[in-house]
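See below for the structure under consideration.
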Ligand code: FES
């Protein structure tokens with residue numbers, strides 16, 4: 001279990017920004033002070049039948065105001081995320097965080113970089129894009145449809161290439177199609193999104209000898225090491241258990257692509 005204590009956070013604002021996608025700012029000085037891009041918080045519901053928290057990645061970190069921005073998808077009626085979406089400004093919610101390792105953004109200095117996000121893996125790329133200092137910042141954001149949430153924020157942070165599954169905005173297809181259509185090149189990749197997308201990016205990076213970091217946050221459940229639902233296969237053996245496993249919530253969620261099998 002995590003040694004971190006639960007923090008009581010106050011909701012600053014909450015709004016719907018897409019189909020089942022919500023944007024919530026929380027006041028939490030301690031978490032905001034420690035947080036870095038690619039980390040997440042585990043939020044607790046007030047429903048006693050749901051003991052395990054829900055991990056949600058950090059979309060933005062405002063250290064000056066002591067706030068964190070969460071953009072998350074409601075995964076169905078009666079779920080923890082549906083309960084979070086009903087919170088209003090002034091309500092409180094318990095959270096543990098920041099959790100996880102985050103992206104090694106200092107490695108990008110002087111490099112030409114792809115920052116790639118797909119679906120609900122788009123939000124964690126925003127704080128990374130804002131904080132990263134690199135030679136060339138190419139942001140590839142993949143959406144289902146015309147609800148291209150966070151578009152203006154990404155445009156302010158780098159050069160944005162949008163792809164949509166239905167072709168309503170940008171390249172029709174996914175983030176890999178946007179690379180091909182725009183003939184883009186990079187010498188380093190940071191990515192977050194659904195497993196098939198990350199698998200395609202991992203294969204592309206390894207085929208082209210590109211250093212690539214992927215966030216496997218979509219595969220987490222409790223986020224605090226309690227459920228073991230997040231285990232993935234790793235190349236190296238774990239030092240404690242001597243098996244080829246890693247817990248995404250504890251050892252990740254960010255891994256060098258060559259370290260893990262997905
Ligand atoms: Fe539960 Fe990792 S998500 S142990």
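What single numbered condition from (1) within 19 Å of residue 133 (Cβ to Cβ); (2) more than 16 Å from the ligand (Cβ to nearest atom) fails to hold for residue 85?
Evaluating residue 85 over (1) within 19 Å of residue 133 (Cβ to Cβ); (2) more than 16 Å from the ligand (Cβ to nearest atom) leaves (1) as the failure.
Condition first: part of a strand (DSSP E or B), touching a residue at least 60 places away in the same chain (Cβ under 8 Å) and within 14 Å of the chain's Cα centre (by Cα). Now tell me which residues in the stretch 48-96 satisfy that.
54, 55, 57, 60, 61, 71
For a quick check of your reading: which strands (runs of 3 or more DSSP E) sit entirely within the stretch 196-262 and have at least 2 residues that are within 14 Å of the ligand (Cβ to nearest atom) and without any contact (Cβ under 8 Å) to a residue 24 or more places away in the chain?
So the answer is 245-247.
Could you grab me the full set of residues in the stretch 97-131 that are free of Cβ contacts under 8 Å to residues at least 40 places away in the same chain and buried (at least 16 other Cβ atoms within 10 Å of the Cβ)?
129
Here is a list: 230, 192, 212, 146. Which entry is within 20 Å of the chain's Cα centre (by Cα) and more than 26 Å from residue 109 (Cα to Cα)?
Every option except 230 fails the conditions.
Which one of these is closer than 22 Å to residue 123 by Cβ and over 20 Å from the mean Cα position of the chain (by Cα): 187, 177?
177
Right, residue 200: at pLDDT 90 or above and in contact with a strand residue (DSSP E or B) (Cβ under 6 Å, 6 or more places away or on another chain) or not?
Answer is no for this residue.
The values are calculated or read from the model by the stated rules, or taken from the named source; none is laboratory data. Since this is a predicted model, take the numbers as computed values, not measurements. All Cβ positions, even for glycine, are placed from backbone atoms using ideal geometry, and neighbour counts span all protein chains on display.
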